[in-house]
Amino acid sequence: MTAQTTTVEMVIGGLASRQHGVVTRAQLLRAGVTTHQIQHRLDRGALLRVYRGVYRVGHRAPSVEAHYLAAVLACGDEARLSGRAAAHLLGRLKGPPLAPEVTTPVKRRVAGVKVRRGRLAGPERATHRGIPVTSVPRTLTDLAAELPLADLARACHEAGVRFRTTPAHLAAALERRPGTPGVAKLRLVIRGDARVTLSALERRFLTLLREHALALPQTNRPAGAHHVDCRWPERRLTVELDSYRFHHSRHAWEQDRRRERDARARGDEFRRYTWGDVFEHPAQTLAELRRLLA
């Protein structure tokens with residue numbers, strides 16, 4: 001291997017290491033790699049063409065990040081991953097990786113990529129894991145038309161916990177896009193009128209209350225310094241639903257104690273119910289709740 005070849009490999013490797021193993025032809029040319037050197041590496045498989053002018057370095061299977069970044073790079077300098085793909089990258093949609101969707105101000109047609117033409121304002125642009133992506137509030141407004149209300153409310157709640165996205169952030173995002181589809185649903189979430197349930201235990205607990213005509217609580221709303229699972233403010237009652245999956249760590253145990261102290265400090269009755277209380281022995285739980293909610 002000649003010194004020149006070594007230098008070229010170092011340039012390509014340096015670029016790829018910062019971009020999930022993905023580089024563009026324009027980046028290589030700006031770094032001093034010639035068209036002949038690029039073609040030579042394409043011919044022998046050291047560079048693998050993903051999209052026109054976008055290459056993957058080496059033979060490793062591409063990561064989700066590499067797949068998404070390649071799509072963004074293929075759509076131009078101001079492009080951002082958006083829609084359901086952005087929601088997946090940001091952790092707002094679960095399940096297997098989704099096909100790339102990209103928003104860009106320039107009209108593009110890229111095979112395998114859903115391209116939307118649009119110009120994003122500064123607050124609508126972000127970077128996550130080194131990938132240009134629409135901001136969390138913008139991504140949630142994009143999802144508003146596609147998700148059922150309960151799923152949209154859950155996604156907004158989790159965005160608040162993970163990214164500190166507030167109703168004010170969502171309202172500002174809607175002001176920038178007043179005609180966006182799904183605006184009515186998102187306004188319900190912003191006002192707190194959409195009930196949020198995060199687990200099977202919470203869903204079953206609310207179902208029990210409905211079946212027995214008991215008053216429904218506010219769910220997963222801030223109360224003091226913490227979000228609480230269920231609260232009846234007018235009856236001064238707070239209920240936490242404890243599943244072993246989410247409450248078995250030391251951190252979770254300490255947070256639970258703090259929530260209990262906060263509830264008692266604001267004058268609330270406080271109860272904890274477990275999976276067994278809700279699924280296996282609901283009669284005892286319902287009897288106590290009838291008394292507390294009377």
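The values are calculated or read from the model by the stated rules, or taken from the named source; none is laboratory data. Every value quoted in this text rests on a predicted model; they were computed, and no experiment measured them. For neighbour counting, all protein chains shown are included, and Cβ atoms are generated from backbone atoms with ideal geometry for every residue, glycine included. Just so you know, the surface numbers come from the protein's heavy atoms only, side chains and all, with ligands and any DNA or RNA stripped out. Shrake-Rupley method; radii C 1.70, N 1.55, O 1.52, S 1.80 Å.
Each residue in the stretch 121-180 was checked for being more than 24 Å from Arg221 (Cα to Cα) and of a type in the set (Lys, Arg), and 4 of them qualify.
Restricting the stretch 149-176 to residues that are of a type in the set (Gly, Ala, Ser) and more than 13 Å from the chain's Cα centre (by Cα) leaves a set whose member that is most open to solvent (accessible area, probe 1.4 Å) is Ala168. Residue count for the stretch 31-52 under the criterion of being open to solvent by less than 20 Å² (accessible area, probe 1.4 Å) and on the phi > 0 side of the Ramachandran plot: the result is 1.
Go through the stretch 54-89 and give me each residue that's assigned to a helix (DSSP H, G or I), in contact with a Pro (Cβ under 7 Å, 6 or more places away or on another chain) and aliphatic (A, V, I, L, M). Those that are assigned to a helix (DSSP H, G or I), in contact with a Pro (Cβ under 7 Å, 6 or more places away or on another chain) and aliphatic (A, V, I, L, M): Val64, Ala71, Val72, Ala85. Of the set (1) more than 11 Å from the chain's Cα centre (by Cα); (2) assigned to a helix (DSSP H, G or I); (3) of a type in the set (D, E, K, R), all apply to Glu146 but (2).
Select from the stretch 27-83 the residues that are touching a residue at least 40 places away in the same chain (Cβ under 8 Å) and aromatic (Phe, Trp, Tyr) and write down the one among them that is nearest to Thr139 (Cα to Cα). Restricting to residues being touching a residue at least 40 places away in the same chain (Cβ under 8 Å) and aromatic (Phe, Trp, Tyr), the top hit is Tyr68. When Arg138, Arg108, Arg92, Arg119 are screened for being surrounded by 21 or more Cβ atoms within 10 Å (Cβ to Cβ) and assigned to a loop (DSSP other than H, G, I, E, B), only Arg92 passes. On inspection, Ala87 fails the criterion of being under 24 Å from Gln19 (Cα atoms), loosely packed, with under 15 Cβ neighbours inside 10 Å and out of contact with any Phe, Trp or Tyr (no Cβ under 7 Å at 6 or more places or on another chain).
For the stretch 71-82, name all the residues that are of a type outside the set (D, E, K, R) and modelled with pLDDT of 95 or more. The answer is Ala71, Val72, Leu73, Ala74, Cys75, Ala79, Leu81, Ser82. Scanning the stretch 89-100 for residues that are farther than 15 Å from Ala126 by Cβ and either of a type in the set (A, V, I, L, M) or touching a strand residue (DSSP E or B) at 6+ places or on another chain (Cβ under 8 Å) (or both) returns Leu93, Leu98, Ala99, Pro100.
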